[in-house]
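Okay, so here's the structure we're looking at.
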Amino acid sequence: MTQNTASRRGRPRDADVDRRVLDAAWDLLHGGGYAALNMDEVAERAGVAKTTLYRRWPTKDHLAIAVAARILGEVPIPDTGDVRRDLTDFIAAQAASLGRLRLAGNPDGAGSAGLVAELAAAAARHPDIGALVRGLFARRHDLARARLRRASEREGLRRDIDHEVMIDQLVGPVWYQILVTGGPADRSYAERLVEAVLDGAFTPSTQRSKS
């Protein structure tokens, strides 16, 4: 193997370039929404060559999704022994990050899905972006499933509960609020949502002890 070949294959990706580009892209998205995101301006603000930018993010959609993935980030689900509280924290954190995206370029957020809708459309346009987004949420769902499984084992959550459906019942309404109704998806909403989904989800003896 030649030195050039080794360099091409083994050179680590420059994390500082990623940071500068994503920071510049978020500044544009935050200020003016998806329409304000311009690849040439991002390259200029980040101080990187356009070829570097396009090699890492071939389209504006890819760059916008990368920014969103950083904002959405990892959402750990706590395990305090109180599954109601833990699920509320989990859903509230997801709602907060989605709400931040919704407000990009749309500071009042009134009746608009904003950037979240654009990102959903981008995932539909590009199979690779769709796979990335599904992977991101699959990891979150894995964490939620594990937490529900532990709740079934030690906190009295009924063992016949379908964990997949329960997660859908928790996460789906948040997206509905963001994408369709434009309503608030805050912690108060997360608390009411978790209470509604968990209503009747515990064994009778456990339910009595919680009341």
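Residues in the stretch 170-193 that are part of a helix (DSSP H, G or I), over 13 Å from Thr88 (Cα atoms) and of a type outside the set (A, V, I, L, M, F, W, C): Gly172, Pro173, Tyr176, Gln177, Thr181. Could you go through the stretch 107-129 and let me know if any residue there is under 22 Å from Leu193 (Cα atoms) and of a type in the set (Lys, Arg). Checked the stretch 107-129: no residue is under 22 Å from Leu193 (Cα atoms) and of a type in the set (Lys, Arg). Checking Ala113, Ala93 one by one, the residue that is within 21 Å of Trp26 (Cβ to Cβ), within 18 Å of the chain's Cα centre (by Cα), modelled with pLDDT under 95 and in a helix (DSSP H, G or I) is Ala93 and no other. Residues of the stretch 78-98 that are surrounded by 20 or more Cβ atoms within 10 Å (Cβ to Cβ) and either outside the structural domain of Val197 (by TED's automatic domain parsing) or farther than 13 Å from Arg187 by Cα (or both): Val83 alone. Return the residue satisfying two criteria in turn: it lies in the stretch 56-77 and is outside any helix (DSSP H, G or I) and in contact (Cβ under 8 Å) with a residue 40 or more places away in the chain, and of such residues it is farthest from Arg145 (Cα to Cα). Taking the candidates together, the pick is Thr59. Take the conditions (1) within 13 Å of the chain's Cα centre (by Cα); (2) of a type in the set (Asp, Glu); (3) farther than 26 Å from Glu164 by Cα; Glu44 misses just one of them, which is (1). It is to be established whether one or more residues within the stretch 32-55 are modelled with pLDDT of 90 or more, within 23 Å of Leu132 (Cα to Cα), outside any helix (DSSP H, G or I) and polar (S, T, N, Q). Checked the stretch 32-55: at least one residue is modelled with pLDDT of 90 or more, within 23 Å of Leu132 (Cα to Cα), outside any helix (DSSP H, G or I) and polar (S, T, N, Q). Looking at the stretch 110-146, which of the residues that are in contact with a Gly (Cβ under 7 Å, 6 or more places away or on another chain) and surrounded by fewer than 18 Cβ atoms within 10 Å (Cβ to Cβ) is nearest to Asp162 (Cα to Cα)? Of everything passing the filter in the stretch 110-146, Ala124 is nearest to Asp162 (Cα to Cα).
The values are calculated or read from the model by the stated rules, or taken from the named source; none is laboratory data. Nothing here was measured: the structure is a model prediction, and the numbers come from that model. Because the Cβ atoms are built from the backbone with ideal geometry, glycine has one as well, and the counts that use them run over all protein chains shown.
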